[in-house]
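Have a look at this one.
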Amino acid sequence: MNTAKPISAGFRHFFVEIGELSLFAGRFFKETVKPPFEFRELLRQCYHMGNRSLTLVLVTGFIIGLVLTLQSRPTLVEFGAVSWMPDMVGISIVRELGPVITALVCAGRIASGIGAELGSMRVTEQIDAMEVSGTNPFKYLVVTRILATTLMLPLLVILGDAVALYGSALVENFKGDVSFQLYFNRVFDALEYGDLVPATIKSFFFGFAIGLVGCFKGYYSKKGTAGVGLAANTAVVFTSMLLFVIDFIAVFISDIFYEL
Amino acid sequence: MKASPSHITQLKPKEPPEVMIHIEDLYKSFGENHVLNGFNMKLFRGENLVVMGKSGSGKSVMIKCLVGLMKPDKGRIFVMGREIGTLDREALDILRSDIGFLFQGSALYDSMTVRENLEFPMRRHSEKLGEITDTLPLVLEALESVGLAHTVDLMPEELSGGMKRRVALARTLILRPKIILYDEPTSGLDPITAKEIIELMRSIQEKYGTSSLIITHDVDCARVISERMILLVDGVNYAEGTYEELVLSKDPKVEAFFKK
(Lines give C-alpha, C1' and ligand atoms only; values in the text may rest on other atoms or scores of the structure.)
Protein backbone atom coordinates (compact mmCIF):
# COMPACT_ATOMS: atom_id res chain seq x y z
CA MET A 1 0.00 0.00 0.00
CA ASN A 2 1.30 3.45 -0.90
CA THR A 3 1.29 5.51 2.30
CA ALA A 4 3.40 8.36 0.90
CA LYS A 5 0.39 10.12 -0.60
CA PRO A 6 -1.76 10.39 2.54
CA ILE A 7 1.29 11.47 4.56
CA SER A 8 2.18 14.21 2.07
CA ALA A 9 -1.47 15.29 1.95
CA GLY A 10 -1.49 15.40 5.75
CA PHE A 11 1.65 17.56 5.81
CA ARG A 12 0.20 19.85 3.15
CA HIS A 13 -3.02 20.22 5.11
CA PHE A 14 -1.03 20.98 8.27
CA PHE A 15 0.98 23.75 6.61
CA VAL A 16 -2.10 25.19 4.91
CA GLU A 17 -3.74 25.29 8.34
CA ILE A 18 -0.71 27.07 9.84
CA GLY A 19 -0.80 29.60 7.00
CA GLU A 20 -4.52 30.26 7.48
CA LEU A 21 -4.06 30.57 11.23
CA SER A 22 -1.29 33.15 10.66
CA LEU A 23 -3.56 35.17 8.36
CA PHE A 24 -6.30 34.95 10.98
CA ALA A 25 -3.88 36.24 13.63
CA GLY A 26 -2.85 39.06 11.28
CA ARG A 27 -6.47 40.05 10.82
CA PHE A 28 -6.92 40.00 14.60
CA PHE A 29 -4.11 42.55 15.09
CA LYS A 30 -5.48 44.73 12.31
CA GLU A 31 -9.04 44.72 13.64
CA THR A 32 -7.96 45.21 17.28
CA VAL A 33 -6.61 48.71 16.68
CA LYS A 34 -9.44 49.82 14.39
CA PRO A 35 -12.50 51.53 15.96
CA PRO A 36 -15.26 50.96 16.97
CA PHE A 37 -14.12 49.09 20.08
CA GLU A 38 -16.39 46.53 21.70
CA PHE A 39 -15.51 47.26 25.37
CA ARG A 40 -18.79 45.99 26.78
CA GLU A 41 -18.52 42.68 25.00
CA LEU A 42 -14.84 42.41 26.02
CA LEU A 43 -15.74 42.83 29.69
CA ARG A 44 -18.55 40.31 29.35
CA GLN A 45 -16.17 37.80 27.76
CA CYS A 46 -13.50 38.42 30.45
CA TYR A 47 -16.09 37.72 33.13
CA HIS A 48 -17.33 34.59 31.38
CA MET A 49 -13.88 33.15 30.66
CA GLY A 50 -12.56 33.87 34.15
CA ASN A 51 -15.68 32.85 36.00
CA ARG A 52 -16.30 29.66 34.04
CA SER A 53 -12.73 28.38 34.43
CA LEU A 54 -11.97 29.52 37.97
CA THR A 55 -13.28 26.46 39.88
CA LEU A 56 -11.59 24.04 37.51
CA VAL A 57 -8.26 25.88 37.71
CA LEU A 58 -8.41 26.10 41.52
CA VAL A 59 -9.26 22.41 41.97
CA THR A 60 -6.60 21.30 39.49
CA GLY A 61 -3.98 23.58 41.03
CA PHE A 62 -4.72 22.37 44.55
CA ILE A 63 -4.45 18.71 43.54
CA ILE A 64 -1.22 19.31 41.60
CA GLY A 65 0.31 20.93 44.71
CA LEU A 66 -0.76 18.02 46.90
CA VAL A 67 0.36 15.32 44.51
CA LEU A 68 3.69 16.92 43.63
CA THR A 69 4.61 17.20 47.32
CA LEU A 70 3.41 13.70 48.20
CA GLN A 71 5.29 12.16 45.28
CA SER A 72 8.56 14.05 45.86
CA ARG A 73 8.65 13.67 49.62
CA PRO A 74 10.00 10.07 49.87
CA THR A 75 12.88 10.81 47.49
CA LEU A 76 13.83 14.04 49.25
CA VAL A 77 13.62 12.29 52.62
CA GLU A 78 15.92 9.55 51.32
CA PHE A 79 18.52 12.14 50.30
CA GLY A 80 18.04 14.16 53.50
CA ALA A 81 16.87 17.12 51.44
CA VAL A 82 13.28 17.40 52.61
CA SER A 83 13.95 20.96 53.81
CA TRP A 84 14.33 21.91 50.14
CA MET A 85 10.73 20.93 49.45
CA PRO A 86 9.28 24.52 49.42
CA ASP A 87 12.05 25.71 47.08
CA MET A 88 11.59 22.81 44.71
CA VAL A 89 7.79 22.94 44.64
CA GLY A 90 7.68 26.75 44.45
CA ILE A 91 10.06 26.94 41.49
CA SER A 92 8.45 24.02 39.62
CA ILE A 93 4.97 25.40 40.04
CA VAL A 94 5.68 29.04 39.29
CA ARG A 95 8.04 28.43 36.39
CA GLU A 96 6.46 25.53 34.62
CA LEU A 97 3.67 23.44 36.10
CA GLY A 98 1.31 26.28 37.03
CA PRO A 99 1.24 28.03 33.63
CA VAL A 100 1.26 24.83 31.55
CA ILE A 101 -1.37 22.94 33.52
CA THR A 102 -3.65 25.98 33.84
CA ALA A 103 -3.31 26.60 30.11
CA LEU A 104 -4.07 22.96 29.28
CA VAL A 105 -7.13 22.98 31.54
CA CYS A 106 -8.30 26.23 29.92
CA ALA A 107 -7.63 24.83 26.46
CA GLY A 108 -10.05 22.02 27.25
CA ARG A 109 -12.60 24.34 28.80
CA ILE A 110 -12.33 27.60 26.87
CA ALA A 111 -10.92 26.73 23.43
CA SER A 112 -13.47 23.95 22.93
CA GLY A 113 -16.25 26.22 24.21
CA ILE A 114 -15.30 29.02 21.82
CA GLY A 115 -14.92 26.55 18.93
CA ALA A 116 -18.35 25.05 19.55
CA GLU A 117 -20.05 28.40 20.15
CA LEU A 118 -18.71 30.14 17.05
CA GLY A 119 -19.11 26.97 15.00
CA SER A 120 -22.76 26.76 15.93
CA MET A 121 -23.21 30.47 15.19
CA ARG A 122 -21.66 29.92 11.75
CA VAL A 123 -23.85 26.91 10.97
CA THR A 124 -27.06 28.63 12.08
CA GLU A 125 -26.18 31.79 10.09
CA GLN A 126 -25.97 33.96 13.22
CA ILE A 127 -22.59 35.29 12.06
CA ASP A 128 -24.11 36.22 8.68
CA ALA A 129 -27.04 37.88 10.48
CA MET A 130 -24.57 39.94 12.51
CA GLU A 131 -22.73 40.99 9.36
CA VAL A 132 -25.98 42.00 7.63
CA SER A 133 -27.04 44.04 10.66
CA GLY A 134 -23.93 46.19 10.24
CA THR A 135 -21.81 44.76 13.05
CA ASN A 136 -18.40 43.42 12.15
CA PRO A 137 -18.65 39.85 13.50
CA PHE A 138 -14.88 39.40 13.52
CA LYS A 139 -14.51 42.36 15.84
CA TYR A 140 -17.51 41.52 18.00
CA LEU A 141 -16.93 37.78 18.34
CA VAL A 142 -13.26 37.07 17.61
CA VAL A 143 -11.31 40.12 18.80
CA THR A 144 -13.16 40.27 22.14
CA ARG A 145 -12.69 36.55 22.82
CA ILE A 146 -8.97 36.51 21.97
CA LEU A 147 -8.33 39.61 24.09
CA ALA A 148 -10.34 38.11 26.95
CA THR A 149 -8.35 34.86 27.00
CA THR A 150 -5.07 36.77 26.67
CA LEU A 151 -5.92 38.97 29.64
CA MET A 152 -7.58 36.37 31.85
CA LEU A 153 -5.14 33.47 31.57
CA PRO A 154 -2.30 35.16 33.51
CA LEU A 155 -4.77 35.92 36.33
CA LEU A 156 -5.94 32.32 36.36
CA VAL A 157 -2.32 31.14 36.39
CA ILE A 158 -1.54 33.33 39.43
CA LEU A 159 -4.56 31.96 41.29
CA GLY A 160 -3.75 28.40 40.23
CA ASP A 161 -0.13 28.81 41.44
CA ALA A 162 -1.28 30.20 44.79
CA VAL A 163 -3.68 27.32 45.39
CA ALA A 164 -1.09 24.73 44.29
CA LEU A 165 1.42 26.16 46.78
CA TYR A 166 -1.27 26.11 49.46
CA GLY A 167 -1.91 22.42 48.69
CA SER A 168 1.79 21.69 48.99
CA ALA A 169 2.04 23.65 52.25
CA LEU A 170 -0.87 21.64 53.61
CA VAL A 171 0.96 18.36 53.02
CA GLU A 172 4.16 19.71 54.56
CA ASN A 173 2.16 20.98 57.52
CA PHE A 174 0.61 17.55 58.13
CA LYS A 175 3.60 15.37 57.34
CA GLY A 176 6.58 17.51 58.25
CA ASP A 177 5.22 19.84 60.91
CA VAL A 178 6.26 22.84 58.83
CA SER A 179 4.20 25.94 59.59
CA PHE A 180 2.45 27.76 56.73
CA GLN A 181 4.45 30.90 57.46
CA LEU A 182 7.78 29.09 57.30
CA TYR A 183 6.75 27.23 54.17
CA PHE A 184 5.76 30.38 52.29
CA ASN A 185 8.82 32.30 53.55
CA ARG A 186 10.99 29.57 52.01
CA VAL A 187 9.01 29.65 48.78
CA PHE A 188 9.36 33.42 48.39
CA ASP A 189 13.04 33.29 49.28
CA ALA A 190 13.59 30.72 46.57
CA LEU A 191 11.72 32.62 43.87
CA GLU A 192 13.38 35.34 41.82
CA TYR A 193 12.12 37.82 39.25
CA GLY A 194 13.72 35.56 36.67
CA ASP A 195 11.20 32.88 37.64
CA LEU A 196 8.12 35.13 37.78
CA VAL A 197 8.55 37.38 34.74
CA PRO A 198 9.05 34.73 32.00
CA ALA A 199 6.21 32.64 33.47
CA THR A 200 3.84 35.61 33.39
CA ILE A 201 4.82 36.62 29.85
CA LYS A 202 4.42 33.00 28.76
CA SER A 203 0.90 32.96 30.24
CA PHE A 204 -0.16 35.87 28.01
CA PHE A 205 0.99 33.91 24.96
CA PHE A 206 -0.82 30.80 26.20
CA GLY A 207 -4.02 32.81 26.59
CA PHE A 208 -3.59 34.29 23.13
CA ALA A 209 -3.09 30.82 21.61
CA ILE A 210 -6.20 29.45 23.35
CA GLY A 211 -8.40 32.28 22.08
CA LEU A 212 -6.85 32.35 18.63
CA VAL A 213 -7.21 28.65 17.86
CA GLY A 214 -10.67 28.38 19.43
CA CYS A 215 -11.94 31.32 17.37
CA PHE A 216 -10.19 30.16 14.19
CA LYS A 217 -11.69 26.68 14.35
CA GLY A 218 -15.17 27.94 15.22
CA TYR A 219 -15.29 30.94 12.87
CA TYR A 220 -14.43 28.86 9.82
CA SER A 221 -16.44 25.83 10.86
CA LYS A 222 -17.95 23.91 7.94
CA LYS A 223 -19.93 20.74 7.28
CA GLY A 224 -23.03 21.58 9.33
CA THR A 225 -23.63 20.33 12.84
CA ALA A 226 -20.91 17.68 12.52
CA GLY A 227 -18.53 20.55 11.85
CA VAL A 228 -19.40 22.10 15.22
CA GLY A 229 -18.19 19.01 17.09
CA LEU A 230 -15.13 18.84 14.90
CA ALA A 231 -14.36 22.53 15.55
CA ALA A 232 -14.55 21.99 19.32
CA ASN A 233 -12.43 18.86 19.16
CA THR A 234 -9.71 20.15 16.84
CA ALA A 235 -9.56 23.41 18.79
CA VAL A 236 -8.47 21.48 21.91
CA VAL A 237 -5.99 19.25 20.07
CA PHE A 238 -4.43 22.09 18.08
CA THR A 239 -4.27 24.42 21.11
CA SER A 240 -2.66 21.78 23.34
CA MET A 241 -0.01 21.15 20.70
CA LEU A 242 0.58 24.86 20.23
CA LEU A 243 0.90 25.39 24.00
CA PHE A 244 3.82 22.95 24.18
CA VAL A 245 5.51 24.62 21.20
CA ILE A 246 5.11 28.05 22.85
CA ASP A 247 6.37 26.61 26.14
CA PHE A 248 9.47 25.20 24.46
CA ILE A 249 10.20 28.52 22.73
CA ALA A 250 9.63 30.46 25.97
CA VAL A 251 11.95 28.18 27.97
CA PHE A 252 14.55 28.33 25.22
CA ILE A 253 14.49 32.15 25.15
CA SER A 254 14.51 32.56 28.94
CA ASP A 255 17.42 30.11 29.12
CA ILE A 256 19.43 32.36 26.80
CA PHE A 257 18.70 35.32 29.11
CA TYR A 258 19.80 33.29 32.16
CA GLU A 259 23.11 32.51 30.51
CA LEU A 260 23.65 36.19 29.73
CA MET B 1 -61.04 71.31 -37.84
CA LYS B 2 -57.89 70.88 -36.07
CA ALA B 3 -58.24 71.22 -32.32
CA SER B 4 -56.01 73.74 -30.75
CA PRO B 5 -53.35 72.27 -28.48
CA SER B 6 -54.88 74.02 -25.46
CA HIS B 7 -57.99 71.87 -25.76
CA ILE B 8 -56.12 68.58 -25.79
CA THR B 9 -55.78 66.82 -22.47
CA GLN B 10 -52.08 66.10 -22.17
CA LEU B 11 -51.59 62.51 -21.01
CA LYS B 12 -48.58 62.37 -18.76
CA PRO B 13 -46.36 59.45 -19.81
CA LYS B 14 -46.45 56.80 -17.07
CA GLU B 15 -43.21 56.79 -15.10
CA PRO B 16 -41.50 53.39 -14.99
CA PRO B 17 -41.46 51.92 -11.47
CA GLU B 18 -38.31 52.52 -9.46
CA VAL B 19 -35.86 49.66 -9.59
CA MET B 20 -34.82 48.66 -6.06
CA ILE B 21 -32.53 45.77 -6.98
CA HIS B 22 -30.91 45.12 -10.31
CA ILE B 23 -28.79 42.03 -10.89
CA GLU B 24 -26.81 41.92 -14.12
CA ASP B 25 -25.26 38.76 -15.49
CA LEU B 26 -24.33 37.14 -12.16
CA TYR B 27 -21.88 34.23 -12.10
CA LYS B 28 -20.78 32.23 -9.07
CA SER B 29 -18.98 28.89 -8.90
CA PHE B 30 -17.64 26.71 -6.11
CA GLY B 31 -14.82 24.77 -7.73
CA GLU B 32 -16.36 22.83 -10.57
CA ASN B 33 -19.88 23.48 -9.35
CA HIS B 34 -21.20 26.38 -11.43
CA VAL B 35 -24.11 27.65 -9.35
CA LEU B 36 -25.04 30.88 -11.10
CA ASN B 37 -24.43 31.19 -14.84
CA GLY B 38 -25.51 34.68 -15.81
CA PHE B 39 -28.52 35.34 -13.63
CA ASN B 40 -30.45 38.58 -14.23
CA MET B 41 -33.18 40.14 -12.14
CA LYS B 42 -34.96 43.38 -11.34
CA LEU B 43 -37.03 44.07 -8.23
CA PHE B 44 -39.32 47.09 -8.47
CA ARG B 45 -40.52 49.33 -5.64
CA GLY B 46 -43.35 47.85 -3.60
CA GLU B 47 -43.45 44.54 -5.45
CA ASN B 48 -43.31 40.98 -4.15
CA LEU B 49 -40.97 39.02 -6.37
CA VAL B 50 -40.56 35.29 -5.82
CA VAL B 51 -37.49 33.46 -7.08
CA MET B 52 -38.16 29.74 -7.19
CA GLY B 53 -35.74 26.95 -7.81
CA LYS B 54 -34.83 23.45 -6.70
CA SER B 55 -32.67 22.94 -3.62
CA GLY B 56 -29.07 23.71 -4.51
CA SER B 57 -30.04 25.79 -7.54
CA GLY B 58 -28.23 28.86 -6.20
CA LYS B 59 -31.11 30.86 -4.76
CA SER B 60 -29.46 31.37 -1.39
CA VAL B 61 -26.10 32.10 -3.03
CA MET B 62 -27.75 34.80 -5.13
CA ILE B 63 -29.41 36.42 -2.11
CA LYS B 64 -26.12 36.32 -0.15
CA CYS B 65 -24.31 38.02 -3.05
CA LEU B 66 -27.02 40.67 -2.89
CA VAL B 67 -26.11 41.76 0.64
CA GLY B 68 -22.38 41.33 0.21
CA LEU B 69 -22.07 38.13 2.25
CA MET B 70 -20.56 36.45 -0.83
CA LYS B 71 -18.62 37.90 -3.71
CA PRO B 72 -19.80 36.94 -7.18
CA ASP B 73 -17.22 35.75 -9.71
CA LYS B 74 -18.69 38.02 -12.36
CA GLY B 75 -21.61 40.36 -12.80
CA ARG B 76 -22.96 43.49 -11.15
CA ILE B 77 -25.52 44.03 -8.41
CA PHE B 78 -27.19 47.39 -7.85
CA VAL B 79 -29.27 48.03 -4.73
CA MET B 80 -31.21 51.30 -4.89
CA GLY B 81 -28.82 52.49 -7.58
CA ARG B 82 -25.61 51.69 -5.70
CA GLU B 83 -23.32 48.96 -6.95
CA ILE B 84 -22.57 46.53 -4.13
CA GLY B 85 -19.15 45.48 -5.42
CA THR B 86 -17.78 49.03 -5.36
CA LEU B 87 -18.81 49.95 -1.81
CA ASP B 88 -16.40 49.98 1.12
CA ARG B 89 -17.43 48.39 4.41
CA GLU B 90 -18.83 51.61 5.89
CA ALA B 91 -20.97 52.40 2.84
CA LEU B 92 -22.11 48.79 2.59
CA ASP B 93 -23.20 48.82 6.23
CA ILE B 94 -25.22 51.99 5.67
CA LEU B 95 -26.89 50.45 2.62
CA ARG B 96 -27.57 47.25 4.57
CA SER B 97 -29.63 49.24 7.07
CA ASP B 98 -32.20 49.64 4.27
CA ILE B 99 -32.28 45.89 3.65
CA GLY B 100 -33.94 43.45 6.01
CA PHE B 101 -32.86 39.81 5.75
CA LEU B 102 -34.95 36.95 7.10
CA PHE B 103 -32.66 33.93 7.31
CA GLN B 104 -33.79 30.40 6.58
CA GLY B 105 -33.28 29.18 10.14
CA SER B 106 -34.25 32.53 11.74
CA ALA B 107 -30.63 33.08 12.92
CA LEU B 108 -31.59 34.54 16.29
CA TYR B 109 -28.61 35.06 18.60
CA ASP B 110 -28.78 32.19 21.12
CA SER B 111 -27.03 34.02 23.92
CA MET B 112 -29.33 37.06 23.83
CA THR B 113 -32.93 37.63 24.88
CA VAL B 114 -35.56 38.53 22.29
CA ARG B 115 -35.20 42.18 23.30
CA GLU B 116 -31.41 42.10 22.87
CA ASN B 117 -31.83 40.37 19.52
CA LEU B 118 -34.01 43.23 18.31
CA GLU B 119 -31.77 45.90 19.81
CA PHE B 120 -28.66 44.48 18.19
CA PRO B 121 -29.11 46.05 14.72
CA MET B 122 -29.76 49.43 16.39
CA ARG B 123 -26.20 49.52 17.81
CA ARG B 124 -24.70 50.50 14.48
CA HIS B 125 -27.62 52.30 12.89
CA SER B 126 -29.00 54.38 15.74
CA GLU B 127 -28.66 57.59 13.65
CA LYS B 128 -31.24 56.20 11.22
CA LEU B 129 -33.86 56.08 13.97
CA GLY B 130 -33.07 59.54 15.36
CA GLU B 131 -32.46 60.42 19.01
CA ILE B 132 -33.44 57.38 21.07
CA THR B 133 -33.22 57.29 24.84
CA ASP B 134 -35.22 54.12 25.31
CA THR B 135 -35.23 51.35 22.74
CA LEU B 136 -38.00 49.36 24.41
CA PRO B 137 -40.95 51.11 22.68
CA LEU B 138 -39.37 50.40 19.28
CA VAL B 139 -38.72 46.78 20.22
CA LEU B 140 -42.28 46.34 21.45
CA GLU B 141 -43.72 47.98 18.34
CA ALA B 142 -41.78 45.59 16.08
CA LEU B 143 -42.80 42.63 18.22
CA GLU B 144 -46.43 43.74 18.23
CA SER B 145 -46.42 43.85 14.43
CA VAL B 146 -45.68 40.11 14.50
CA GLY B 147 -47.99 39.45 17.45
CA LEU B 148 -45.29 38.50 19.95
CA ALA B 149 -44.90 41.45 22.32
CA HIS B 150 -45.15 39.08 25.30
CA THR B 151 -41.92 37.28 24.35
CA VAL B 152 -39.70 40.32 24.87
CA ASP B 153 -37.77 38.86 27.82
CA LEU B 154 -37.62 35.26 26.64
CA MET B 155 -34.57 33.49 25.26
CA PRO B 156 -34.73 32.09 21.70
CA GLU B 157 -34.56 28.52 23.04
CA GLU B 158 -37.91 29.11 24.76
CA LEU B 159 -39.65 29.86 21.46
CA SER B 160 -41.20 27.48 18.94
CA GLY B 161 -39.98 27.37 15.32
CA GLY B 162 -42.82 29.60 14.12
CA MET B 163 -42.29 32.08 16.94
CA LYS B 164 -38.57 32.24 16.16
CA ARG B 165 -39.39 33.05 12.54
CA ARG B 166 -41.75 35.83 13.67
CA VAL B 167 -39.18 37.30 16.06
CA ALA B 168 -36.60 37.18 13.27
CA LEU B 169 -39.09 39.03 11.08
CA ALA B 170 -39.53 41.63 13.81
CA ARG B 171 -35.75 42.01 13.91
CA THR B 172 -35.65 42.70 10.17
CA LEU B 173 -38.32 45.39 10.66
CA ILE B 174 -36.61 47.24 13.49
CA LEU B 175 -34.56 49.47 11.18
CA ARG B 176 -37.55 50.19 8.89
CA PRO B 177 -35.98 48.65 5.77
CA LYS B 178 -37.08 49.53 2.25
CA ILE B 179 -36.36 46.03 0.97
CA ILE B 180 -36.87 42.72 2.74
CA LEU B 181 -35.12 39.57 1.54
CA TYR B 182 -36.75 36.32 2.62
CA ASP B 183 -34.63 33.17 2.39
CA GLU B 184 -37.01 30.20 2.44
CA PRO B 185 -39.41 31.86 4.92
CA THR B 186 -41.63 28.80 5.33
CA SER B 187 -39.07 26.01 5.31
CA GLY B 188 -39.19 23.69 8.30
CA LEU B 189 -42.60 24.96 9.42
CA ASP B 190 -45.88 23.07 9.57
CA PRO B 191 -48.50 24.13 6.95
CA ILE B 192 -50.57 26.17 9.41
CA THR B 193 -47.58 28.12 10.78
CA ALA B 194 -46.27 28.53 7.23
CA LYS B 195 -49.61 30.06 6.24
CA GLU B 196 -49.45 32.42 9.22
CA ILE B 197 -45.95 33.55 8.23
CA ILE B 198 -47.09 34.20 4.64
CA GLU B 199 -50.02 36.27 5.91
CA LEU B 200 -47.63 38.17 8.12
CA MET B 201 -45.33 38.88 5.19
CA ARG B 202 -48.29 40.27 3.23
CA SER B 203 -49.46 42.45 6.08
CA ILE B 204 -45.94 43.80 6.63
CA GLN B 205 -45.66 44.65 2.96
CA GLU B 206 -48.99 46.50 3.08
CA LYS B 207 -48.19 48.30 6.33
CA TYR B 208 -44.63 49.37 5.59
CA GLY B 209 -44.71 49.46 1.77
CA THR B 210 -41.55 47.40 1.49
CA SER B 211 -40.29 45.67 -1.63
CA SER B 212 -39.85 41.96 -1.05
CA LEU B 213 -37.63 39.37 -2.68
CA ILE B 214 -38.71 35.92 -1.60
CA ILE B 215 -36.55 32.88 -2.22
CA THR B 216 -38.52 29.68 -1.92
CA HIS B 217 -39.29 26.26 -3.29
CA ASP B 218 -42.71 26.28 -1.63
CA VAL B 219 -45.32 26.56 -4.43
CA ASP B 220 -48.12 27.49 -2.01
CA CYS B 221 -46.05 30.34 -0.61
CA ALA B 222 -45.29 31.54 -4.16
CA ARG B 223 -48.96 31.35 -5.18
CA VAL B 224 -50.19 33.43 -2.26
CA ILE B 225 -47.52 36.07 -2.08
CA SER B 226 -46.02 36.57 -5.54
CA GLU B 227 -46.85 39.37 -7.91
CA ARG B 228 -44.14 38.17 -10.27
CA MET B 229 -42.02 35.04 -10.31
CA ILE B 230 -38.67 33.97 -11.68
CA LEU B 231 -37.77 30.31 -12.06
CA LEU B 232 -34.08 29.71 -11.47
CA VAL B 233 -32.87 26.67 -13.41
CA ASP B 234 -29.23 25.77 -14.11
CA GLY B 235 -28.10 29.12 -12.74
CA VAL B 236 -30.13 31.29 -15.10
CA ASN B 237 -33.59 32.84 -15.00
CA TYR B 238 -35.32 30.16 -17.03
CA ALA B 239 -38.85 31.54 -16.95
CA GLU B 240 -40.49 34.71 -15.71
CA GLY B 241 -44.09 35.82 -15.25
CA THR B 242 -47.01 35.82 -12.87
CA TYR B 243 -47.94 32.66 -10.99
CA GLU B 244 -50.94 32.14 -13.28
CA GLU B 245 -48.80 32.50 -16.41
CA LEU B 246 -46.18 30.07 -15.21
CA VAL B 247 -48.62 27.48 -13.96
CA LEU B 248 -50.16 27.28 -17.45
CA SER B 249 -46.78 26.86 -19.15
CA LYS B 250 -46.25 23.68 -21.16
CA ASP B 251 -42.49 23.78 -20.78
CA PRO B 252 -41.50 20.53 -19.04
CA LYS B 253 -38.97 22.23 -16.74
CA VAL B 254 -41.54 24.82 -15.67
CA GLU B 255 -44.28 22.21 -15.31
CA ALA B 256 -42.04 20.18 -13.03
CA PHE B 257 -42.20 22.95 -10.41
CA PHE B 258 -45.98 22.99 -10.22
CA LYS B 259 -46.71 19.26 -10.40
CA LYS B 260 -48.42 18.04 -7.24
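The values are calculated or read from the model by the stated rules, or taken from the named source; none is laboratory data. Nothing here was measured: the structure is a model prediction, and the numbers come from that model. Using ideal geometry, Cβ is built from the backbone for each residue, glycine included, and neighbour counts are taken over all protein chains shown.
Which one of the conditions (1) exposed (fewer than 15 other Cβ atoms within 10 Å of the Cβ); (2) assigned to a helix (DSSP H, G or I) does A:Glu172 fail to meet, given that it meets all the rest?
Failing condition for A:Glu172: (1).
Go through (1) under 21 Å from B:Gly58 (Cα atoms); (2) surrounded by fewer than 17 Cβ atoms within 10 Å (Cβ to Cβ); (3) free of Cβ contacts under 8 Å to residues at least 40 places away in the same chain for B:Asp218 and report which single condition fails.
With (1) under 21 Å from B:Gly58 (Cα atoms); (2) surrounded by fewer than 17 Cβ atoms within 10 Å (Cβ to Cβ); (3) free of Cβ contacts under 8 Å to residues at least 40 places away in the same chain applied to B:Asp218, the lone miss is (2).
Of all residues in the stretch A:138-157, how many are within 14 Å of chain B (Cβ to nearest Cβ) and closer than 30 Å to B:Tyr182 by Cβ?
We begin by selecting, within the stretch A:138-157, every residue within 14 Å of chain B (Cβ to nearest Cβ); these are A:138-141, A:144-145.
Okay, now just the ones that are also closer than 30 Å to B:Tyr182 by Cβ, so A:138-141.
Number of matching residues: 4.
Output the residue which, of all residues in the stretch A:81-111 that are surrounded by fewer than 23 Cβ atoms within 10 Å (Cβ to Cβ) and polar (S, T, N, Q), is farthest from the other protein chains (Cβ to nearest Cβ).
The residue in question is A:Ser83.
Here's something else I'd like to know. From the list A:Phe257, A:Phe248, A:Phe216, A:Phe205, pick out the single residue that is under 18 Å from the mean Cα position of the chain (by Cα) and exposed (fewer than 14 other Cβ atoms within 10 Å of the Cβ). Working first, answer last.
On the way: A:Phe257 fails: under 18 Å from the mean Cα position of the chain (by Cα); A:Phe216 fails: exposed (fewer than 14 other Cβ atoms within 10 Å of the Cβ); A:Phe205 fails: exposed (fewer than 14 other Cβ atoms within 10 Å of the Cβ).
Going through A:Phe257, A:Phe248, A:Phe216, A:Phe205 in turn, the sole match is A:Phe248.
Moving on to the next point. Residues A:Thr124, A:Thr135: which one is within 13 Å of chain B (Cβ to nearest Cβ), without any contact (Cβ under 8 Å) to a residue 40 or more places away in the chain and out of contact with any Gly (no Cβ under 8 Å at 6 or more places or on another chain)?
Working: A:Thr124 fails: out of contact with any Gly (no Cβ under 8 Å at 6 or more places or on another chain).
Of the residues listed, the single one that is within 13 Å of chain B (Cβ to nearest Cβ), without any contact (Cβ under 8 Å) to a residue 40 or more places away in the chain and out of contact with any Gly (no Cβ under 8 Å at 6 or more places or on another chain) is A:Thr135.
Please go through the stretch B:133-160 and give me each residue that is over 21 Å from B:Lys207 (Cβ atoms) and modelled with pLDDT of 90 or more, ordered by number. Break it down into steps so the answer makes sense when it comes.
First, pick out the residues of the stretch B:133-160 that are over 21 Å from B:Lys207 (Cβ atoms): B:133-134, B:153-160.
Once the filter is applied, which keeps residues that are over 21 Å from B:Lys207 (Cβ atoms) and modelled with pLDDT of 90 or more, the stretch B:133-160 yields B:Asp153, B:Leu154, B:Met155, B:Pro156, B:Glu157, B:Glu158, B:Leu159, B:Ser160.
Count, please, the residues in the stretch B:206-221 that happen to be within 13 Å of B:Glu47 (Cα to Cα), modelled with pLDDT of 90 or more and not in a loop (DSSP other than H, G, I, E, B).
Counting residues in the stretch B:206-221 that are within 13 Å of B:Glu47 (Cα to Cα), modelled with pLDDT of 90 or more and not in a loop (DSSP other than H, G, I, E, B) gives 4.
Taking B:Glu119, is it within 30 Å of A:Gly113 (Cα to Cα), charged (D, E, K, R) and surrounded by 15 or more Cβ atoms within 10 Å (Cβ to Cβ)?
On the way: within 30 Å of A:Gly113 (Cα to Cα): yes; charged (D, E, K, R): yes; surrounded by 15 or more Cβ atoms within 10 Å (Cβ to Cβ): yes.
Against the criterion (within 30 Å of A:Gly113 (Cα to Cα), charged (D, E, K, R) and surrounded by 15 or more Cβ atoms within 10 Å (Cβ to Cβ)), B:Glu119 qualifies.
Matching residues to (1) closer than 19 Å to A:Leu156 by Cα; (2) among the basic types (Lys, Arg); (3) part of a helix (DSSP H, G or I):
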site: A:Phe184; (1), (2), (3): no, no, yes
site: A:Thr200; (1), (2), (3): yes, no, yes
site: A:Ser221; (1), (2), (3): no, no, no
site: A:Ala231; (1), (2), (3): no, no, yes
site: A:Thr239; (1), (2), (3): yes, no, yes
site: A:Val251; (1), (2), (3): no, no, yes
site: A:Ser254; (1), (2), (3): no, no, yes
site: A:Tyr258; (1), (2), (3): no, no, yes
